[in-house]
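Colleague: Quick one: the structure is below, and I'll ask about it shortly.
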Amino acid sequence: MHEFVPQRTCAYISQHDLHHGEMTVRETLDFSGRCLGVGARYELLAELLRREKEAGIKPDPEIDAFMKAIAMEGQEASLVTDYVLKVCCLPSQLLSTISYIIQQPGGLLIKFYCNRFLEWISVLISRWVMT
Amino acid sequence: MRRGISGGQKKRVTTGEMLVGPAKALFMDEISTGLDSSTTYQIVKFMRQMVHILDVTMIISLLQPAPETYDLFDDIILLSEGQIVYQGPREEVLEFFESVGFKCPERKGVADFLQEVTSKKDQEQYWSKRHEPYRYVSTLELVNCFKSFRTGQRVSEQLRIPYDKSTAHPAALVKDEYGISNMELFKACFSREWLLMKRSSFIYIFKTTQITIMALIAMTVFLRTEMTVGTVEGGGKYYGALFFSLINVMFNGMAEMAMTMTRLPVFFKQRDFKFYPAWAFALPIYLLRIPVSLLESGIWILLTYYTIGFAPAASRYVDGVLFFNDFGCVV
């Protein structure tokens, strides 16, 4: 029947950093978290709630909210991402541009010309506004 | 230049990308490649924190770690010639080699010592049994020594007890291939694609401008006042105009191909890690490019169709737009 999928229980982290340079660190992690899902967290939470109900324990509202937040599937941004960003000390707003440039040899040149073009346009516009 | 993240941060993003998922065992393959020792130290320090806080298991392979990096690890697995020479707590590794007869000098890094003590060339300098003559201790002998050493015995004792599957939670082993439903996968990939498209909107604006300029040139070259209808000579020119249109719309889509191509390495990685199946990658790209190519072929036909003097019926005009749009999409 259903075979166990090892790729989803463990993760291999290779030497190569392959990321989309146009996305920020937060977006990269959010996307990955959204795709990978919450795994067994939802089932575990359901089981926990059932046992709590049986034993008549009322969970601490804050912890309860946290547990429910990390067990929710398909969110665009999640608490788990926040946490990983914090533990890894990563800047969330920066683009992972460096890998992008290394990835494609022509990338640097294209970016350079794009920026020159944009600068040129903005200079033209500012001149036009000034006169 | 747009601001990006540093090499060390990039490595942490690579790790963080997997950490946000439900995986609890992480295997890191020489993550220090291309990094200096202080960055490696920092990264391993974060890993250590994560292992202790998030309760995950990490196996990190490192070549020549600095002593302070080495000290961050809880357990050591020493591999030599494809065999496990030592596996157990970091504190006991020196004791094990001393029991075999090799001593790590005081001012020597333990990691370096471990790497050299298993090699035939460098082993002799660490020989500590003064009253016995040195002889080469092969990897096989070291493995056998480890089996009789107390750490090795503890490991084999732990392994001897089979795991009782009935105590495991049924949800502990993942049996679905993807983490979320197909619809959610599509939504996630679609929103990412849209984001990437917005980020590289300059290219699309540039391409649209380019095809507008090309259309202006084409319409002045093939002006209908100079092209007669119903003659062989005129027909050749009309064919030329059609062919030129076709080539232009087609090659306008070529840049797209290169862009998709550069994204492939990331796609292969994410596909192999079961982020999403191939269709979830391709479908959003395909769908989002349709309006773009419609716009481009629309502009082209709008500018050139009547000025070149193709059949004036409105339905033919729409046919033209759709035909060129198809070509744009195929590319």
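The values are calculated or read from the model by the stated rules, or taken from the named source; none is laboratory data. In this text, all values refer to a predicted model and were calculated from it rather than measured experimentally. All Cβ positions, glycine included, derive from the backbone under ideal geometry; neighbour counts span all protein chains shown. Remember, those area values only see protein heavy atoms, side chains included, never the ligands or the DNA or RNA. Shrake-Rupley method; radii C 1.70, N 1.55, O 1.52, S 1.80 Å.
Colleague: Which aspartates and glutamates have a Cα lying under 12 Å from the Cα of B:LYS237, excluding residues fewer than 8 positions away in the same chain?
Modeller: Those aspartates and glutamates meeting the cut-off are B:GLU226.
Colleague: If you place +1 on the Cβ of every Lys and Arg, -1 on the Cβ of every Asp and Glu, and leave all else neutral, what size is the dipole of the protein assembly as shown about its Cα centre, to the nearest 20 Debye?
Modeller: Its charge dipole is roughly 800 debye.
Colleague: Additional query: Give the B-A buried accessible area in Å², both sides summed, 1.4 Å probe, nearest 100.
Modeller: 6500 Å²
Colleague: Run lengths n ≥ 4 of DSSP H only: what is the helix-derived mean residue ellipticity at 222 nm for the protein assembly as shown, with -39500 (n - 2.57) per run over all residues, to the nearest 500?
Modeller: -19500 deg cm²/dmol
Colleague: Set the bar at 19 Å for Cα to Cα. Now go through A:LYS68/B:LYS175; B:LYS175/B:LYS274; B:LYS24/B:LYS175; B:LYS24/B:LYS147; A:LYS68/B:LYS187 and name every pair that lies beyond it.
Modeller: A:LYS68/B:LYS175; B:LYS24/B:LYS147; A:LYS68/B:LYS187
Colleague: From zero outward in steps of 10 Å, how is the percent of C-alpha pairs of the protein assembly as shown spread across the bins?
Modeller: 4, 15, 19, 19, 16, 11, 8, 5, 3, 1, 0
Colleague: Before anything else, pin down the relative contact order of the range B:2-147: Cα pairs under 8 Å, at least 6 apart, normalised by residue count, whole percent.
Modeller: 18 percent
Colleague: Right, something else. Quick one: ranking B:TYR204, B:TYR136, B:TYR163 by accessible area, 1.4 Å probe, largest first, what do you get?
Modeller: Reading off the accessible areas and sorting them downward yields B:TYR163, B:TYR136, B:TYR204.
Colleague: For the full complex of protein chains and a 1.4 angstrom probe, list B:HIS169, B:HIS52 by accessible area with the highest value first.
Modeller: B:HIS52, B:HIS169
Colleague: Round to the nearest 0.05 the FRET efficiency obtained for A:GLU47 and B:SER201 when R0 = 51 Å and r is the Cβ-Cβ distance.
Modeller: 0.65
Colleague: Would the range B:212-273 count as rounded, prolate or oblate if I go by the C-alpha gyration tensor, calling it rounded below 1.5 in a/c and otherwise prolate when a/b exceeds b/c, oblate otherwise?
Modeller: Verdict is prolate for the range B:212-273.
Colleague: Follow-up. Let me spell out the model: positive unit charges on the Cβ of Lys and Arg, negative unit charges on the Cβ of Asp and Glu, origin at the Cα centre of the range B:149-232. What dipole size does that give, in debye rounded to 20?
Modeller: 320 debye
Colleague: Run the quick spin-label model on A:PHE66 and A:GLU3: label points 7 Å from Cα toward the beta carbon, then report their separation in nm to one decimal.
Modeller: 3.9 nm
Colleague: How far apart, in nm, are the 7 Å Cα→Cβ label points at B:GLU68 and B:TYR306?
Modeller: 7.5 nm
Colleague: What order do you get for A:62-71, B:71-80, B:295-304 when each peptide is scored by the mean count of other beta carbon atoms within 10 Å, highest first?
Modeller: Per-residue Cβ counts within 10 Å, averaged per peptide and sorted highest first, yield B:295-304, B:71-80, A:62-71.
Colleague: What percent does the relative contact order of chain B come to when contacts are Cα pairs within less than 8 Å and at least six residues apart?
Modeller: Relative contact order for chain B comes out at 13 percent.
Colleague: Which percent of the accessible heavy-atom area of the range B:25-180 goes to carbon and sulfur, probe 1.4 angstrom?
Modeller: C and S atoms contribute 51 percent here.
Colleague: To the nearest 20 debye, what charge dipole does the range B:249-302 have about its Cα centre, counting +1 at the Cβ of each Lys and Arg and -1 at the Cβ of each Asp and Glu?
Modeller: The dipole of the range B:249-302 has a size of about 260 debye.
Colleague: A further question follows. Measure off 7 Å from each Cα along the Cα-to-Cβ vector at B:LYS129 and A:VAL129, then give the distance between these two points in nanometres to one decimal.
Modeller: 8.3 nm
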